[in-house]
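Here's the structure we're looking at; comments come further down.
What follows draws every value from the coordinates through simple rules; no lab data is involved. Remember, it's a predicted structure, so these values are computed and weren't measured experimentally. Glycine also receives a Cβ, built like all others from the backbone with ideal geometry; neighbour counts cover every protein chain displayed.
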Amino acid sequence: MSNLPKIAWIGLGIMGSPMSENLIKAGYQVTGFTLEQDKLDRLAAAGGAVAASIAEAVKDADVVITMVPASPQVEAISYGPDGILENAKSGALLIDMSSITPQTSVDLAKAAKAKGIRVLDAPVSGGEAGAIEAVLSIMVGGEQADFDTAKPILEALGKTIVLCGPPGSGQTVKAANQLIVAVNIQACAEAVVFLEKSGVDLTAALDVLGGGLAGSTVLTRKKDNFLNRDFKPGFRIDLHHKDMGIVTDAARNVGAALPVGAVVAQLVASLRAQGDGGLDHSALLRAVERLSGAQV
Ligand code: NAD
């Protein structure tokens, strides 16, 4: 029997599936629950155990990891008679890796403490590829001792793992991350349309741009999406719309102005309103093409 902590994993989507599989590869015993049967089958095929409910998944777990879309889902899986707080062992560590509002994380940490459950907010950056390759950046909020407990587990999922401050701090840093990524994608998308309309070879242009100061992880990771107009997610526009709401709201609360971020938030919202919410966020290119007169 392994001495490693027993893990429960709730939320086996685009990110949660490969992340939980990396824990299994690292030797952890993982019991999972999610809403789609095919994702549960995938976990079983990877060597995980499948639970029929949240309560069943978390009852024997030392560590519960959650990776669901947004604050309402984190609240739904955490609270109430069928939720994590009511059914996990006292002393368990809950690591929420979803990207949610900082306030939701602060409230969850407080509610969990009353039940003897410790909480870290630990949202990630690096996308589906970063999840598969276990090279995510993980920004953590919570207590130092809980971070120390979580660190070996998080090291099986990511490369850059930093405690940013008290509960909610990880989410605040993630909100800043999403601001930077959205603005960067938008700039790349505008450059792509400009280059194509100018008749420049796009592959050559993006190659050389990637090697200079304009280079970025966004440009490297999304180059093929732009070149092939391949907008299979990845990271869905719907989720980035949620994140732009989080960052603009959090910034307003502290009196920080985000003039460019506010415009990009509107462009993301517009793309979603035009039916592109299920596409990868590199589909911001479609919005720029439409603004430039293309029929896409
Ligand atoms: P996803 O929609 O692919 O997966 C979400 C999963 O949560 C689904 O499998 C769903 O079954 C599960 N879920 C929802 N409600 C549930 C409930 N009540 N009980 C059990 N399971 C439930 O989303 P994703 O792309 O994996 O993103 C997850 C989180 O990670 C989001 O907060 C997102 O913003 C963040 N994130 C995503 C990426 C990315 O590239 N996809 C990158 C960084 C961060």
*Evaluate E = 1/(1 + (r/R0)^6) for Asp207 and Ser90, where r is the Cβ-Cβ distance and R0 equals 51 Å; express this FRET efficiency to the nearest 0.05.*
0.40
*Mind listing which trypsin sites (Lys or Arg not before Pro) in segment 225-296 are in a DSSP loop and have 14 or fewer other Cβ atoms within 10 Å?*
Arg229
*Under a no-solvent Debye model with one identical scatterer per Cα of the chain, what's log10 I(q)/I(0) at q = 0.08, 0.12 Å⁻¹?*
-0.36, -0.78
*At 7 Å along the Cα-to-beta-carbon direction for both Lys197 and Ala76, put a label point, then send me their distance in nm to one decimal.*
4.2
_In Å and on Cα atoms, what radius of gyration and Dmax does segment 72-226 show?_
19.3, 63
_Cα gyration tensor category, rounded, prolate or oblate, for segment 132-195 with a/c compared to 1.5_ = oblate
_Which of Ser71, Ser105, Ser282 has the fewest other C-beta atoms within 10 Å, and how do the rest follow up to the most?_
Ser71, Ser282, Ser105
*Vicinal HN-Hα couplings computed from phi for segment 45-50 (Karplus, 6.51 cos²θ - 1.76 cosθ + 1.60; Hz; Gly/Pro x)*: 5, 7, x, x, 9, 9
*When the helix-only estimate is applied to the chain (DSSP H runs of n ≥ 4, each -39,500 (n - 2.57), divided by the residue count), what is the mean residue ellipticity at 222 nm, nearest 500 deg cm²/dmol?*
-15500 deg cm²/dmol
_Charge context of Gln171, other residues only, Cβ under 15 angstrom, K/R +1, D/E -1_ = -3
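Relative contact order (percent) for segment 172-291, with alpha-carbon contacts under 8 angstrom and 6 or more residues of separation?
Values: 121 pairs, mean separation 46.6, N = 120.
Once normalised by length, the contact order is 39 percent.
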*Helix 217-228 axis, angle to the chain major axis (alpha carbon atoms, nearest 10°)*: 60
*Kindly flag which residue pairs out of Lys151/Lys223; Lys110/Lys242; Lys89/Lys242; Lys159/Lys242; Lys89/Lys232 have an alpha-carbon separation exceeding 29 Å in this structure.*
Lys151/Lys223; Lys89/Lys242; Lys89/Lys232
*Cut-off under 5 Å, modelled amide H: who pairs with Gly165 long-range*: Gly142
*Within the P(r) computed for segment 172-291, what percentage of the Cα pairs occupies the region above 25 Å?*
22
*asked:* Quick check: residue separation of Ala26 and Lys232 times 0.36 nm, minus the Cα distance between them. What number comes out in nm?
replied: 71.3 nm
*In whole Hz, with x marking every Gly and Pro, tabulate ³J(HN,Hα) for segment 5-11 from phi via Karplus 6.51 cos²θ - 1.76 cosθ + 1.60, θ = phi - 60°.*
x, 7, 10, 10, 10, 10, x
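Could you tell me what percent of the DSSP beta bridges with both partners in the chain are antiparallel, to the nearest 5?
On the way: 4 of 28 bridges.
Approximately 15 percent, going by the DSSP bridge assignments.
Over 18 Å, how big is the tail of the calculated P(r) for segment 226-296, in percent of all Cα pairs?
Numbers: 997 of 2485 pairs.
Percentage above 18 Å: 40.
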*Along its principal axes, what span do the Cα atoms of segment 1-130 show, with the longest given first and each in whole Å?*
36, 33, 25
